[in-house]
Amino acid sequence: MTDNHIHIGQFDEQYYSAQEVFDTVLNANVKHIVYSSTSSCIDNVRYSQIEKEIDGALKLCDSHIATPLFWFIPDYINQGVTIESVMKNNPYGGFKLHPYSHTWTFAKDKKQNKALHEIFSYAEQHALPILIHTGPSGVDSPDRFEKFFEEYPAARVILAHGRPIDKTIKMMHRFDNVECDTAFMPEESVHTLVSTGLASRVLPGSDFPITQFMANKFKKDNARDITLAGQYEKDIVVLRKYETLLA
Ligand SMILES: [Zn+2]
């Protein structure tokens, strides 16, 4: 199976190396990984730093087995990073956008608007997905980039987490090119997607190793930390269960 939502890199105070993440996931018999680097959320991060990190990851694991996503952040516009050249020079298998961690103000900001057009247009022309973080805060609402879903009907959009589920379903009904993934998704939402007839457009994804980070952050006072392998064993049980529900 494919795990469509994996991370490497800096997350809060923790650093997850590509080596330990890939080893853990591939050891669990997952055949294909789609990943992005949470180092993209470091304050004032330069694209050159991320590129170096992805380069290192690609040396460990071929992009056909572990496929990186180009996590585009608005500040890359100021850094002179252009979508075409990055995509031409790296084997990225798609894009990632995170409107909660990064401030997207494309309704007013012409440069941001232009960058998003470039991303959606590139994804459309090259049949690549755009993974978009969703959540309940408003800025990461599933319909945040709706005008682009409509304008680029062949650009494949994956609403990560599918939160809130009702708005996610609304987008999936409105646009054939919109899908979602199961990262941190409650089982109830998976059932809702199945009963709405959308099962075939739901991708299995775990958000590992963020699952480990969260488990250890919110563990009971006397509990021991869970290991990466221990956590992914749990994640894969959930993924396989969802896979069965969605089949
Ligand atoms: Zn994630």
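Tell me, which residue of region 134-171 that is over 17 Å from Phe120 (Cβ atoms) and of a type in the set (A, V, I, L, M, F, W, C) is least open to solvent (accessible area, probe 1.4 Å)?
Ile169
Just to be sure, is Met214 within 14 Å of the ligand (Cβ to nearest atom), open to solvent by 40 Å² or more (accessible area, probe 1.4 Å) and closer than 25 Å to Asn27 by Cα?
yes
Give Asn90, Asn44 a once-over and let me know the one that is touching a helix residue (DSSP H, G or I) at 6+ places or on another chain (Cβ under 8 Å) and either open to solvent by 60 Å² or more (accessible area, probe 1.4 Å) or more than 25 Å from Thr24 (Cα to Cα) (or both).
Of Asn90, Asn44, the one residue that is touching a helix residue (DSSP H, G or I) at 6+ places or on another chain (Cβ under 8 Å) and either open to solvent by 60 Å² or more (accessible area, probe 1.4 Å) or more than 25 Å from Thr24 (Cα to Cα) (or both) is Asn44.
Residue-wise test of (1) away from the ligand (no atom under 16 Å from the Cβ); (2) in a strand (DSSP E or B); (3) under 18 Å from the mean Cα position of the chain (by Cα); (4) of a type in the set (A, V, I, L, M, F, W, C).
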{"site": "Ile6", "(1), (2), (3), (4)": "no, yes, yes, yes"}
{"site": "Ser39", "(1), (2), (3), (4)": "no, no, yes, no"}
{"site": "Gln49", "(1), (2), (3), (4)": "yes, no, no, no"}
{"site": "Lys52", "(1), (2), (3), (4)": "yes, no, no, no"}
{"site": "Asp55", "(1), (2), (3), (4)": "yes, no, no, no"}
{"site": "Ile73", "(1), (2), (3), (4)": "no, no, yes, yes"}
{"site": "Ile77", "(1), (2), (3), (4)": "yes, no, no, yes"}
{"site": "Gly93", "(1), (2), (3), (4)": "no, no, yes, no"}
{"site": "His102", "(1), (2), (3), (4)": "no, no, yes, no"}
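Out of the residues in region 172-190 that are more than 21 Å from Ser206 (Cβ to Cβ) and in a helix (DSSP H, G or I), state the one that is least open to solvent (accessible area, probe 1.4 Å).
Looking at residues that are more than 21 Å from Ser206 (Cβ to Cβ) and in a helix (DSSP H, G or I), I get His173.
List pairs: first residue in region 152-169 and within 13 Å of the ligand (Cβ to nearest atom) and at pLDDT 95 or above, second residue open to solvent by 60 Å² or more (accessible area, probe 1.4 Å) and in a loop (DSSP other than H, G, I, E, B) anywhere in the structure, Cβ distance under 6 angstrom, at least six positions apart or on different chains.
What qualifies is His161/Phe184; Arg163/Pro136.
Exactly one condition in (1) open to solvent by 10 Å² or more (accessible area, probe 1.4 Å); (2) within 28 Å of Lys114 (Cβ to Cβ) is not met by Asp23; state its number.
So Asp23 meets the others, but not (2).
The values are calculated or read from the model by the stated rules, or taken from the named source; none is laboratory data. Keep in mind that what you see is a predicted model, and the values were worked out from it rather than measured. A quick note on method: Cβ atoms are made from the backbone with ideal geometry, for glycine too, and the neighbour counts reach across all protein chains shown. Ligands, DNA and RNA are excluded from the accessible area calculation, which covers all protein heavy atoms including side chains. Shrake-Rupley method; radii C 1.70, N 1.55, O 1.52, S 1.80 Å.
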